[in-house]
Amino acid sequence: MSWLASVALAILHALYRLVLVYKSFFFSDKEPLPIQAQRSKVPSHLALALVSNPEAGDEVNEQYMLASVEKVAGWCRTAGIRRLTVYDREGVLAKSSLELRKRLAPPLQAGEDEEESPAECDVQYPPTPPPSDDAESRPLSPHSGSAAPRLHAITLRIPPNPPKAKRRLSVSRSSIKRRRVSHAEKLEEPRLTLHILSYQSGKPAIAATANALLREIRQNPSPKTAQCSMTLPSLQELNAILEGEHGFPSPDLMIVHRKPPVPQLRPPVELDGFPPWQSRLTEIYWNAYPSAWRNTADENSISIDEVEFRRALDEFASAEMRLGK
């Protein structure tokens, strides 16, 4: 009977492979809706998990990630997505945060100096541990003196692109007035908040937060904790730090993308160490059936494709969110 079960299992695997090959030819050929199209729902927070290609060099993988983030940031602005989280396991994007700032900053207006321009990215780096007990540090709570744990999350707040204003060859007073009007228009438009993560932002950050809360409980015991032999931090306290000022909130949609070229039949989706705390209710998009007709073109691509971004938005709009209910 063992040989009969082996034959049946081999037949099932062969049929499953034929189904995957069929979907690779016909599934991805459907044209998704444009980015600006009206959808039933659009994610307010998008996550982009980029997986490097081990066969490519470090410089090639870095350019692939930088180009992908630059494109996706522009598409998010067009689609009305106000928060973007990018992740790579090795921390390439975290090391290139200044380069990302230059690429995503709005271009300067004609006759506008770089020092006078209000269109600069606000960069917020994670807090570092104090060098001594006398140094100032951010407490975990208003009644605590412990330093905040390192969450390894870099936050960039990118202003919107400045509106195109008509050039006037007049006195400097009119140019100042036009500059003030342009700045007021910028304030009305939402900024794009960009979070840059690495593997250290996931499980190591959760462990560091839990240890910091335990130290706070031991150093400042309350009447309730003093009566208990073992007291653990609550989920609300962990969530307040991990998704607080120096962390990042939970994404609504996550796109997992690997550096081309990729095999025709991709392996199962892997988050590659993405922070698990913030992804427990996240809708995950992974193109498991790459089109056979476009596989050759993808080999020459250095970043994510717009069609894949639009297809992810369509899949999110058609998904039914039960949120564990």
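Numerical summary
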item: Residue-level accessible surface for M321, protein heavy atoms, 1.4 Å, Å²; result: 80 Å²
item: Protection-proxy order for peptides 69-75, 43-49, each taking the mean of Cβ atoms within 10 Å per residue, highest first; result: 43-49, 69-75
item: Under 13 Å, Cβ to Cβ, from Q200 - net charge with Lys/Arg +1 and Asp/Glu -1; result: +2
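The values are calculated or read from the model by the stated rules, or taken from the named source; none is laboratory data. Source: prediction; values computed, not measured. All Cβ positions, glycine included, derive from the backbone under ideal geometry; neighbour counts span all protein chains shown. The protein model used for the area step is the full one, side chains on, heavy atoms only, and it has no ligands, DNA or RNA in it. Shrake-Rupley method; radii C 1.70, N 1.55, O 1.52, S 1.80 Å.
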